[in-house]
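K.L.:
One structure follows; several queries about it will come next.
Quick note: the coordinates plus some simple rules give every number you see, no bench work behind them. Just so it is clear, the structure is predicted and the values come from calculations on it, not from any experiment. Glycine also receives a Cβ, built like all others from the backbone with ideal geometry; neighbour counts cover every protein chain displayed.
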Amino acid sequence: MINTLYSLDALGTPTALFLALLVGAGFGFALERAGFSSSRRLAGVFYFTDMAVLKVMFTAVIVAMLGLSYLVAIGWLPLERIFLMPTIYGAQIAGGLLFGVGFVMGGWCPGTAAAGLAAGRIDALVFLLGSIGGSILFNELFPVIGPFMTAGDQGVQLAYDTLGVSRNTFVMAFTLVAVAAFWLAEWAEKARMGHAPYLGTPFLKAFSLALVAVAAGLFVLNPSTTTVSATSTDAAAVSGMGEKALMENVDKARDHIEPEELADRLMAGEPDLVVVDVRPAAEFNAFHIRNALNVPLARLAETLLPHRNKGLIVLYSNGMTHPAQARDSLQRQGFDNVYLLTDGLQGFRDRCLKPVSLRTEPLPPRVSERVNAWRAFFASPAGVSKVSGALAPDQAGRTYLVETDWLADRLGALGLKVIDLRPQPEYNSGHIPGSLSLNVESLRGNIGGVPSMLLPAPMLAAQFSLLGLQPSDTIVLVSGDKLHDTTLAGMALGRLGHRDYAVLNGGSAKWAQEGRPVDAALPAVTGAKYPLKSNADDFTVDFQTVAARLGKPGAVIIDVRPADFYTGKKSDEARAGHIPGAINRAFSEDVIVTSNKVATFKPVAELAAAYSRIVPSKDTEVIVHCRTGHQASQTFFVLKHLLGYPNVRWYDAGWTEWAARPELPIVQ
């Protein structure tokens, strides 16, 4: 299995930069050898005098397409490990027209201009400088033209899916088109210039035949069954093999079964398929693959004896060391049908159970359908994933509020991280077992002169990396008697694009009141590198955005501070009062705090009725603010995640900034 830099999230590493430089140098060399350092020759394609551009580019596209198709067909390179460019009709059509006009006028594109500059072409330098200037202009005009970047966004669209044909059929058709283009290019040069270097030559005939033959080979190599994992064909071939044959299959990675294949087989109810979890019973009870057996290593051979050389036995654990050792032992005892789950249980979670909405990049439609089907099967109440899919989901399929019994049932589950946001002395005196301590104020700082602002994404990612958090983790946030501590932490997660989190309703106070277990142990943490996700924060707005909404229909501003601060009777900022047109609903009205300081959210029906009297419709744009964004994060959470309002914005700087800017209007 090939791990691409994209699938490893390593595109920003020095290794990726070095490889990019090598590829770029090779690309430039190929362009130079093809004569692309001459704008006159490049422009020849528009006059049918020199068709080198078409020939070289079609050759590159066909070779890449055939190479990738073969790698995918034999299972070495799954499509999900390749970045697939989304289809954005508006932006790509406009960009293509601009690019085409520039190519016709200047005779250069950015890549060929770089090759031309290396060859000392002055016009190539001018073109590159123009490209740089255009990039700067695009950056400066981005607030205006930015929305056009997603105009007509269709997500990832595979041509063969759109056309309703198989991948092999499309590859063959495209190859035939390319071959025809080669011959037409030669014919055009012959008609225009009186000569063509390859028309009718043995080379062009052999080259064309070779391309068609390679494309036809994909029909012989059946991509639906030919994988490097343990297919039924493999299982039959492996049955009865000896030690030498086993080692040959290990060398070729044929002793593994991929998570996706195992998921499909389990869903199909394949007979004589035995999945064995060799982890300790406590870990198995917390989280395991549906229909798996939990067998101690010491009793593995005895338990599996009825299944020896019958069907398929798949072993898994958190990693692959113990299953591999167990497989070797079983092989020496005559078991020839034992396989390992590639990447263990974590690989199964990441590749089969991770929601499509939480993937770092969009998946092809067919892959998305498979993921949703797997999640429906394995994350159902009868399934074993006690984290994913166990809560009542919102419109996006995610859940954000859990009760103490839910957490108690899943405590210690793989991929579940609990974060305690109380002050450190309270945490040190006793906390939910395994929970991590995080000071909620460490998520805020002075940004642009405004205090108590949520930190930028890189700083938040650094903190979460130190906690060992990963995008695939399900995070449960725990507070004391201030639920808005958890919702502020939720805003930090949202800024990083982490959607798989939930607030513990009632927090640590309810947990303790119910007599649930606590300890004072500090959990071991293995640091991680939490990746940055660009443009994940689409909910934070600044004072300009708020000011632009004043007096205009279609937007509601909610001031969640206590009523005395809203009216101006009390003030702890530069000026007293509120933003003109803002409606007051104190954040405290959304929660119930008992005498022993157990804070829980009011019933959803009650919250929905209250906000329906303030906000005209679910589609209305709502901007929430308080003094420093802390309390407003709770109202944001209620509207966005509990009630499902889609257009909720958060004015983080809030009254602290608004009151300090004398040019901004206020009402008392």
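K.L.:
Sorted from fewest to most neighbouring beta carbons within 10 Å, what does the list LEU141, LEU467, LEU125 look like?
P.N.:
In order of increasing Cβ crowding within 10 Å: LEU141, LEU125, LEU467.
K.L.:
Provide Rg over Rh for the chain; use the alpha carbon set for both Rg and the Kirkwood Rh (inverse mean inverse pair distance).
P.N.:
Rg divided by Rh gives 1.03.
K.L.:
A follow-up question, please. Given R₀ = 25 Å, FRET efficiency for HIS322-GLU270 by Cβ-Cβ distance, to 0.05?
P.N.:
My answer for the efficiency is 0.55.
K.L.:
Defining a contact as two alpha carbons under 8 Å apart and six or more residues distant in sequence, what relative contact order in percent does the chain show?
P.N.:
In percent, rounded to a whole number, it is 9.
K.L.:
Here's another thing I want to ask about it. Please give the contour-minus-distance gain from ILE2 to TYR160: 0.36 nm per residue of separation, less the Cα-Cα distance, rounded to one decimal in nm.
P.N.:
Extra length available between ILE2 and TYR160 comes to 54.5 nm.
K.L.:
Run lengths n ≥ 4 of DSSP H only: what is the helix-derived mean residue ellipticity at 222 nm for the chain, with -39500 (n - 2.57) per run over all residues, to the nearest 500?
P.N.:
Estimated from H runs of four or more residues: -13000 deg cm²/dmol.
K.L.:
Further question on the same structure: State which helices in the chain qualify, where a helix is a whole DSSP H run, it must extend 15 Å or more along its own axis by its Cα atoms, and its mean Kyte-Doolittle hydropathy must be at least 1.6.
P.N.:
Span-like helices in the chain: 52-73, 202-220.
K.L.:
I want to check a number: in the stretch 540-660, how many lysine pairs have alpha carbons closer than 23 Å, given a sequence separation of 8 or more or different chains?
P.N.:
Taking the stretch 540-660 as the scope, the lysine pair count is 5.
K.L.:
Still on this structure, please answer the following. How high is the relative contact order of the stretch 27-220? Use alpha-carbon pairs under 8 Å, at least six apart in sequence, and give a whole percent.
P.N.:
RCO, the stretch 27-220: 30 percent.
K.L.:
Can I ask one more? What nm distance separates the two modelled labels at LEU466 and THR49, each placed 7 Å from Cα along Cα→Cβ?
P.N.:
Distance between label points: 6.6 nm.
K.L.:
Quick one: net charge around ASP277, please, counting Lys, Arg +1 and Asp, Glu -1 for every other residue with C-beta under 12 Å from its C-beta.
P.N.:
Net of charged neighbours comes to +1.
K.L.:
What number, in percent, do you get for the relative contact order of the stretch 540-660 if the mean sequence gap of Cα pairs under 8 Å and at least 6 apart is divided by its residue count?
P.N.:
Normalised by residue count, the contact order of the stretch 540-660 is 32 percent.
K.L.:
Can you work out the FRET efficiency for the pair ARG613 and THR59, with r the C-beta to C-beta distance and R0 = 56 Å, to the nearest 0.05?
P.N.:
Computed FRET efficiency for ARG613 and THR59: 0.25.
K.L.:
Let me ask something else. If I stretch the segment between THR87 and ASN439 completely, what's the gain in nm (0.36 nm per residue apart, minus their alpha carbon distance), one decimal?
P.N.:
122.5 nm
K.L.:
Between ASP564 and ALA10, what length comes free when the chain is fully extended (0.36 nm per residue of separation minus the Cα-Cα distance, one decimal in nm)?
P.N.:
Contour length minus the Cα-Cα distance gives 194.2 nm.
K.L.:
Would you mind estimating how fast the stretch 392-536 diffuses translationally, via Stokes-Einstein at 4 °C and 1.567 mPa s with the Kirkwood radius over Cα pairs, in µm²/s?
P.N.:
It comes out at roughly 83 µm²/s.
K.L.:
So, R0 is 51 Å and r is the distance between the beta-carbons of ALA210 and LEU305; what FRET efficiency does that work out to, to 0.05?
P.N.:
In this case the efficiency is close to 0.45.
K.L.:
Ok, one more. Which of MET320, MET105, MET149 has the fewest other C-beta atoms within 10 Å, and how do the rest follow up to the most?
P.N.:
Arranged by neighbour count, lowest to highest, MET320, MET105, MET149 become MET105, MET149, MET320.
K.L.:
When the scattering of the stretch 27-220 is computed by the Debye formula from its Cα atoms alone, each counted once and equally, what is log10 I(q)/I(0) at q = 0.17 Å⁻¹?
P.N.:
-1.32
K.L.:
Could you rank the peptides 564-575, 492-503 by their average count of other C-beta atoms within 10 Å per residue, with the highest value first?
P.N.:
Those peptides, ordered most packed to least, come out 492-503, 564-575.
K.L.:
Can you give me the orientation-averaged projected area of the convex hull built on the Cα atoms of the stretch 540-660, in nm²?
P.N.:
If I average the Cα hull's projected area over directions, I get 7.5 nm².
K.L.:
Which net charge results for the neighbourhood of LEU467, defined as the other residues with beta-carbon distances under 14 angstrom from its beta-carbon, given Lys and Arg at +1 and Asp and Glu at -1?
P.N.:
0
K.L.:
Also, quick follow-up: Students often check this: by mean Cβ neighbours within 10 Å, which of 504-510, 431-437 ranks highest, and how do the rest follow?
P.N.:
By packing density, highest mean first, the sequence is 504-510, 431-437.
K.L.:
Could you work out how far apart the two model spin labels at ALA118 and LEU141 are, taking each label as a point 7 Å from the Cα in the direction of the beta carbon, and quote it in nm?
P.N.:
Modelled inter-label distance: 3.2 nm.
K.L.:
Just give me a number: lysine pairs in the stretch 392-536, eight or more positions apart or cross-chain, with C-alpha atoms less than 24 Å apart.
P.N.:
5
K.L.:
Related question: Give the order of GLU426, GLU186, GLU621 when sorted by the count of other beta carbons within 10 angstrom, beginning with the fewest.
P.N.:
The order, fewest Cβ neighbours first, is GLU426, GLU621, GLU186.
K.L.:
While we're here: Quick check: pseudo-label points 7 Å beyond the Cα along Cα→Cβ at ARG192 and ALA376, how many nm apart are they?
P.N.:
A separation of 5.4 nm, rounded to one decimal place.
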